[in-house]
Amino acid sequence: MVVHYSMKISLDFDGVLAHTMKRWCEVCNGLSNNAPLVDITKIKHWYFYKDFGLTREEAFIIFDIVWENWQKLEPMEVDLWQKTQMLNN
């Protein structure tokens, strides 16, 4: 009797595989007309959006925009796609 096992692997993208917060700041700054620019170095905690005068809903709308354009996300490491492909294989 041959038993085949399958393994499911989850990957954490936000700040682990992709620079989502860097892109979040770029999108937020692009949407802002006269508001002060959001500086990634000022993000220190989970409720960071409050520091920039945003509501949770506004912050998550920006996350939606970031993920709708996931191709623009910068990987955290060089050749990261090859490493994740090895996991897939």
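Considering only segment 42-52, I want to know if a residue exists there that is farther than 17 Å from Gly15 by Cβ and surrounded by 14 or more Cβ atoms within 10 Å (Cβ to Cβ). Let's see the steps before the verdict.
Kept after step one, since they are farther than 17 Å from Gly15 by Cβ, are these residues of segment 42-52: 50-52.
Applying the additional criterion that residues be surrounded by 14 or more Cβ atoms within 10 Å (Cβ to Cβ) yields 52.
The answer is yes, given that some residue of segment 42-52 is farther than 17 Å from Gly15 by Cβ and surrounded by 14 or more Cβ atoms within 10 Å (Cβ to Cβ).
Under 8 Å by Cβ, and 6 or more places apart or on different chains, what pairs join a residue from segment 19-39 that is farther than 14 Å from Tyr49 by Cβ with one that is among the acidic types (Asp, Glu) and modelled with pLDDT of 85 or more?
His19/Glu74; Lys22/Glu74; Arg23/Glu74
Can we say Val27 is over 17 Å from Pro75 (Cβ atoms), surrounded by 14 or more Cβ atoms within 10 Å (Cβ to Cβ) and of a type in the set (A, V, I, L, M)?
Working: over 17 Å from Pro75 (Cβ atoms): yes; surrounded by 14 or more Cβ atoms within 10 Å (Cβ to Cβ): yes; of a type in the set (A, V, I, L, M): yes.
Spelling it out, Val27 is indeed over 17 Å from Pro75 (Cβ atoms), surrounded by 14 or more Cβ atoms within 10 Å (Cβ to Cβ) and of a type in the set (A, V, I, L, M).
The values are calculated or read from the model by the stated rules, or taken from the named source; none is laboratory data. Because the structure is a prediction, the values reported are computed rather than measured. Cβ atoms come from the backbone with ideal geometry, glycine included; neighbour counts cover every protein chain shown.
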